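Some notes on the structure that comes next.
The values are calculated or read from the model by the stated rules, or taken from the named source; none is laboratory data. Model, not experiment: these values are computed from the prediction. No Cβ is skipped: glycine too gets one built from the backbone with ideal geometry, and neighbour counts run over all protein chains shown.
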C-alpha cells in the first residue's frame, strides 16, 4: 500500500522545495463510540434534496463538530490511522470477498463482487501490469516510535456546522490545534510497519495507557533535508493541525528526537482505495459516485480555507472500518490565497497549468478529481502512456481523452467539464465554485447533508475486526532496525522547531 506523508507511492510524486468503531476523528484520550447506520444504500436521494455541506475548500480542514477532551497525563490511542501506507506494486488479483464489519448486518451490505466490473479493454491489463514499474517508489526509511496519546490535541477553533442546502460555503478562521510535544516514544508500543517511503515509515502503535491504536509516521530528518522536503514537511504538520473534517485524516500530535520527526495520526483500518480499485478492476457508476462525492465535500472544505491539496489519487484515500473515505498524506498541501507555481504531485494527476509551469490555484484539485473519477470508472488514468512521465505530460498538454462506451453519459459530461484546460470552463473554478460540481446531473441523487454526516452506508465495508488493531488490509514490510529516541547532536533542530 502507498505511504503516508512523504512515504513512497506506487506512483512517483514530483515535487520541490516550494512547494473506529466511529469513523469520525476521536481524541487519543476519548473512548471511541460505536456507530450504526440505518441503511446500506448509496448517498442517493431526489435531486431536489441535495444540499451543500459546510465542507469548505481547504486541504487540511475538518467539518464535524467534534470537541476534544481536556489534556490528561495519560492518553488513549484512537483506533484510526492517518497513514497513507505504502503498498507494494499491485498485481491483478481476483475480487476480494470481504465480510461485514462486526455489528453490521450482511444483508444490508452489498457484496464486493457486485462492485467489480471486469476490464473491457486491453489497455487496463497493460496499465495494471506496468503501473508498478511506471512509478518508481522511493527507498524505505525510518520507523515509528511508541507513543500513546497522553493528551488530545485541543481544538480552540470553532468547528464548522452543516449548512443548509445550496448555502454559500464559509471559511471561519479556525485556530490551529496544539500538537507540538504532545507525546513521546514511551507512550506507545510499536506493533508493525504499515508502509515505507523515501524518508519515512508508518507504524501501527498501541497506547500504553488505554490500549487504543494509532498510526505513527516517522520521518528521518537527514533524508527530509537531503530531498529538500523541509518546507513540505512543515506545511503538512501545519495544515493537518488546522483542519477537522470527517473525510480528512486527523493529526493528534507531533514530537521529535535528534534524528527523527514523529506524527501521531488516526489508524484507518480499511486500507487504501487504491487496493480495492486494483482488485476490482473498475468501479460501477454508483460506487465511483459515492467515493467521488465524499472527496468533493473534503475538497470543498479545504478550498474554503484557501488550502490546495495537490496530491489527489486512490493511494491517498483510506477506507475506515465503515467504508467511508479519509484523505491522507498532506505533504503537498499548501495555503494559497491566490496562485502558486510549484511543480509537485503525481504525473497522471497533474493539471496542464502545472505541467506547463504556469501559475495555478485551487482549480488543479478539481482537475485531479476528474482524473480520479475517470480512473475509478475505467480502471486506468486517461493520459497514461506506457509508464513514461514525459509521455504522460505530453498527453496532458495535448488534452485528448478517449471515453469508453460503458461510461455513464452524465459521468462523461462531468469529466469533460473537469478535465479541461480552459479554466473559464472547468467546474469548481467558476463563479459558483464547488456548487457547480455538486449540482451537476451526475450527482443529482446525492443527499449531500446526509453524506456529510455519514448517515449513508458505504457500498463496501472492509473485512476488519473493529478495535483490535487489525492491519490485515496493509502489506507486510521488513521492520526498521534503527533504534528510535537516541540522544545526540541535532544538527537540524532549527529546521523543525514546530515539531
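When residue 304 is tested against the conditions (1) out of contact with any helix residue (DSSP H, G or I) (no Cβ under 8 Å at 6 or more places or on another chain); (2) at pLDDT below 95, the lone failure is (2).
The requirement of being surrounded by 24 or more Cβ atoms within 10 Å (Cβ to Cβ) and assigned to a helix (DSSP H, G or I) is not satisfied by residue 263. Filtering segment 305-314 to residues that are buried (at least 24 other Cβ atoms within 10 Å of the Cβ) and in contact with a strand residue (DSSP E or B) (Cβ under 6 Å, 6 or more places away or on another chain) leaves 307, 308, 310, 311.
The set of residues from segment 211-220 being crowded, with 24+ Cβ neighbours inside 10 Å and either assigned to a strand (DSSP E or B) or at pLDDT 95 or above (or both) comprises 213, 214, 215, 216, 217, 218, 219.
Can you name the residue in segment 478-495 that is farther than 14 Å from residue 216 by Cβ and surrounded by 14 or more Cβ atoms within 10 Å (Cβ to Cβ) and is also nearest to the chain's Cα centre (by Cα) among such residues? Restricting to residues being farther than 14 Å from residue 216 by Cβ and surrounded by 14 or more Cβ atoms within 10 Å (Cβ to Cβ), the top hit is 495.
Residue 299 meets all of the listed conditions (1) assigned to a loop (DSSP other than H, G, I, E, B); (2) within 24 Å of residue 450 (Cα to Cα); (3) in contact with a helix residue (DSSP H, G or I) (Cβ under 9 Å, 6 or more places away or on another chain) but one, namely (1). Residue-level check: of (1) crowded, with 17+ Cβ neighbours inside 10 Å; (2) out of contact with any helix residue (DSSP H, G or I) (no Cβ under 8 Å at 6 or more places or on another chain); (3) part of a loop (DSSP other than H, G, I, E, B), residue 384 misses just (2). Checked against the criterion of being farther than 30 Å from residue 474 by Cα and at pLDDT below 95, the candidates 345, 331, 359, 386 yield just one match: 359. For segment 196-204, the condition of being surrounded by fewer than 16 Cβ atoms within 10 Å (Cβ to Cβ) and either part of a strand (DSSP E or B) or at pLDDT 75 or above (or both) holds for none of the residues. Pick from 242, 231: which is at pLDDT below 95, under 22 Å from residue 334 (Cβ atoms) and surrounded by 21 or more Cβ atoms within 10 Å (Cβ to Cβ)? After applying the criteria, what remains is 242. Selection over segment 333-344 of residues that are crowded, with 24+ Cβ neighbours inside 10 Å and closer than 18 Å to residue 381 by Cβ gives a count of 0. Does residue 475 qualify as being more than 25 Å from residue 180 (Cα to Cα), at pLDDT 95 or above and under 23 Å from the mean Cα position of the chain (by Cα)? No; evaluated as a whole, the condition is false for this residue. Return a yes/no flag: does segment 453-467 have any residue that is modelled with pLDDT of 95 or more and more than 30 Å from residue 202 (Cβ to Cβ). Yes, some residue in segment 453-467 is modelled with pLDDT of 95 or more and more than 30 Å from residue 202 (Cβ to Cβ).
Among the numbered criteria (1) surrounded by fewer than 24 Cβ atoms within 10 Å (Cβ to Cβ); (2) in a loop (DSSP other than H, G, I, E, B), which single criterion is violated by residue 278? Tallying (1) surrounded by fewer than 24 Cβ atoms within 10 Å (Cβ to Cβ); (2) in a loop (DSSP other than H, G, I, E, B), residue 278 fails exactly one: (2).
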